[in-house]
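Take a look at the structure set out below.
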Amino acid sequence: MSDVQTWTLVFVVLTFSLYIYIAYRSRVSDTAGFYVAGGGIPAPANGAAIAADWMSAASFISLAGIVAFAGNGYAGSVYLMGWTGGYVLLALLLAPYLRKFGKYTIPDFVGDRYNETARLVAVVAAIVVSFVYVAGQMAGVGVVFTRFLNVNPTTGVVLGMAIVFFYAVLGGMKGITWTQVTQYTVLIIAYIIPAVAVSARVTGVPLPQIGFGQILEELNGLQTDLGFAQYTEAFTQTSRANMVLITAALMFGTAGLPHVIVRFYTAKSVRAARFSALWALFFISLLYTLAPSVAAFSKLQIIQDVSGRSLAEMPGWFTQWANVGLITGPAAADGTLPPVADLNGNGVIDFTGAASDVPNELLINNDIIVLASPEIGGLPAPIVGLVAAGALAAALSTASGLLLVISSSVANDVYYKRINPQASEKQQLLVGRIAMAAAIVVAGYLGINPPGFVAQVVALAFGLAAASFFPILVLGIFWKGCTAKGAMWGMIAGLGVTMAYMLWTIDIYGNSDGILGIPETGFGTVGMLINFIVTIAVSKVTEKPSAAMQELVEEIRYPGKTRLVEAHAKGEDLH
Amino acid sequence: MDDRQRQEYWRRNLRLMAGLLVVWALVSYGAGILFVDALNNISFIGFPLGFWFAQQGSIIVFVILIAIYVWQMDKLDKEYGVEENETEVHHS
């Protein structure tokens, strides 16, 4: 075993044992504990849990790589702004009011505020979005195990499933939340240490967020020499209008994702829900302000290490990642990625951009930047192992949060609300646990055999969430006159148009240019506007909600105990 | 709270929200995207300013905006006597 493998194993065993211990300590026996941890999680802990839930394998493993390579610097900003800016919307427009409204899930709010048909649409949307996501997490677990421990991906995924199974089925939301707090700690330490070390060594500034300003000029120069657009120059890849559309789709999508919103139900009070949002974004911003600096430092170092070298002279990390097929030659006409080769026979591997006379011979996968950054930066083996454990923490924490959404949607919104309203606490809990177990098995299967389009669909999920949930949640809270028919048609129109556009533009149908050049990732913004317009228009012409319902919507505006919210909590029908 | 107080509380909440959302849009869509070229001519601790807003500044401002919201709503809750103490749990 190499040093790196030993250290990875040490950190993985250590962190996994910790998760199991915490899960055992916080096991639960009632549905409120299982779905929302009894609504009793303090705000900083809830914030850390939301942050871990939110920051997936994609944030930890891929984000820096997407900014550095796929986005060539500036264009990657859509993810940085989009995935953080949504929290401002959550904090101001949704979190406090949904917490006051109570209940357990988004379909619960939709069903209680509007009607049962709308609840079913919401259940389906919530389950689809969550499964798409969770498959990506399990695949991420597989990547880490393969590269760092040399086990095959299937063993890795099964191991990950077993851990999640243990603490999610046993502890429900309570177990998940406290485990996520630990996972956040692990992942943020694993992200900060290499970033600080590299920044301090290259620039002498130990604060990477400032340090990376010192290398931008050099990076811009190098990129120009190689025929790339400058790293900091705007709109070289994505037009101004599309930057706006994609950023908006990601922001409003963030504010409409079921597994994020449900976390505010776990807060102790309306005030705690507001504070949870603040803590969550604070914890998220630590990683999200570091990611662009990791991106810039890695890109500079990679260009310096790789440029003008022959295949035999490449550094160790280059060979290792080339061996697992994540550093390759540019894509062939049929989309396959051939091994790196000196195609033009000039003795070196050329890494060049569109403006260069020399054709490019190198493609670096976005996913390796963070995982390889300690090795690229020449940091010692324990740090490499720590980063691997951090990546696993990011993947597992997000997976468990998503699985809970699936389980509670099935057990609460379908089984208890639709099939067996007389079900006892025990029965509901059992159904919840069985649904969770089944969901884990399906997720594991999808992780081992990922459908080819998962990565694409994960990005699209935000557009779908923005086009379906965000408008009807906001209108449901802020406009008493918003009706069930309005919301239902709004959701169907927004979701329908967006899905149709996405399917139509997906490569297999060959319309990838779309209409007016709007990318499928940005179309969610258009779908959302359609949803808003349809919901408002239909609400205007349909019968107003009942007086009691309007009074309930009025009451959720004010913190503290109020009469109708209490009655609603006891199960009184206010339609 | 009586009806008049409720209306006042809600109006002040909406005003605060609107102000914060304007800043939210200005730093991200404004400084980070629409006016990024012009701002990039200004240098800020080594960064072109527009690029800095797109990759650092907007995120920092988002955190500050929520902090202001939480702090101001706490004040508003107290003023109208609807503040919640930490131990109170009223979950449905």
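Each reported figure results from applying straightforward, stated rules to the coordinates on display, with no laboratory input. In this text the structure is predicted, and so the values were computed from the model without any measurement. Virtual Cβ from ideal backbone geometry, glycine too; neighbours counted across all protein chains shown.
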Handout entry: Debye log10 I(q)/I(0) at q = 0.07, 0.10, 0.11 Å⁻¹ for the protein assembly as shown, Cα point scatterers
Key = -0.44, -0.91, -1.11
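Where in chain A lies the longest segment free of GluC sites (Glu not before Pro) that are both loop residues by DSSP (not H, G, I, E, B) and have at most 16 other Cβ atoms within 10 Å?
By the stated rule (loop sites, at most 16 other Cβ atoms within 10 Å), A:1-542.
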Completion exercise
The FRET efficiency for B:A18 and B:I64, from their Cβ-Cβ distance with R0 = 25 Å and rounded to 0.05, is 0.90
Fill in the blank from the handout: Expressed as a whole number, the average count of other chain Cβ atoms within 10 Å around the Cβ atoms of A:96-108 is 1
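So if R0 is 35 Å, what FRET efficiency would A:A162 and A:K561 give, r being the distance between their Cβ atoms, rounded to the nearest 0.05?
The formula returns an efficiency of 0.20 here.
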Problem - Shielding score for A:559-567, defined as the mean number of other chain Cβ atoms within 10 Å - result: 3
Completion exercise
With x for Gly and Pro, the residue-by-residue ³J(HN,Hα) of region A:266-276, computed from phi through the Karplus equation 6.51 cos²θ - 1.76 cosθ + 1.60 at θ = phi - 60° and given in whole Hz, is 7, 6, 6, 7, 4, 4, 5, 5, 4, 5, 4
Fill in the blank from the handout: Within region A:1-37, the residues whose backbone N lies under 11 Å from a label point placed 7 Å from the Cα of A:R309 along the Cα-to-Cβ direction are none
Exercise for the section: With the cut-off at 12 Å, report for region A:197-250 the share of all Cα pairs above it, as a whole percent. Expected result: 71
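Could you list A:R25, A:R99, A:R418 in order of exposure, starting from the residue whose Cβ has the fewest other Cβ atoms within 10 Å?
A:R25, A:R418, A:R99
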Handout entry: MRE, 222 nm, helices only [DSSP H, n ≥ 4, -39500 (n - 2.57), over the protein assembly as shown, to nearest 500]
Key = -21500 deg cm²/dmol
Problem - Residue exposure sequence - A:D53, B:D2, A:D225 - by fewest surrounding Cβ within 10 Å - result: B:D2, A:D225, A:D53
Handout entry: Length released on extending from A:A333 to A:A500, taking residue separation times 0.36 nm less the Cα-Cα span
Key = 57.3 nm
Completion exercise
Shielding of B:9-17 by other chains, given as the mean Cβ count within 10 Å, works out to 2
Exercise for the section: Between A:Q320 and A:W479, with labels modelled 7 Å along Cα→Cβ, what's the label distance in nm to one decimal, could you check? Expected result: 5.5
Completion exercise
Taking the dipole of region A:197-298 about the Cα centre (Lys, Arg +1; Asp, Glu -1; charges at Cβ), the one of A:P292, A:T224, A:V262 that reaches farthest to the positive side is A:V262
Exercise for the section: Quick one: dipole size for region A:246-385, taken about the Cα centre, charges +1 on Lys/Arg Cβ and -1 on Asp/Glu Cβ, in debye to the nearest 20. Expected result: 1200
Fill in the blank from the handout: Restricting to Cα pairs under 8 Å and 6 or more apart, the percent relative contact order of chain A works out to 26
Practice task
Would you mind checking which residues have amide H under 5 Å from B:F44's amide H? H placed 1.01 Å from N; only 5 or more apart, or other chain.
Solution key: B:L49
Exercise for the section: Can you figure out the FRET efficiency of A:R418 with A:A354, using R₀ = 56 Å and their beta-carbon distance, to the nearest 0.05? Expected result: 0.50
Handout entry: Cross-link reach list, lysines versus A:K544, counting only Cα pairs under 18 Å and skipping chain neighbours closer than eight places
Key = A:K480, A:K485
Exercise for the section: About the Cα centre of the protein assembly as shown, how large is the charge dipole given +1 on each Lys and Arg Cβ and -1 on each Asp and Glu Cβ? Please answer in debye to the nearest 20. Expected result: 2000
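So what's region B:3-79 giving for Cα Rg divided by 2.2 N^0.38 Å, two decimals?
Values: Rg = 16.3 Å, N = 77, 2.2 N^0.38 = 11.5 Å.
Its radius of gyration relative to the 2.2 N^0.38 Å reference: 1.42.
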Problem - For A:I41, residues with placed amide H under 5 Å, excluding near neighbours - result: A:K268
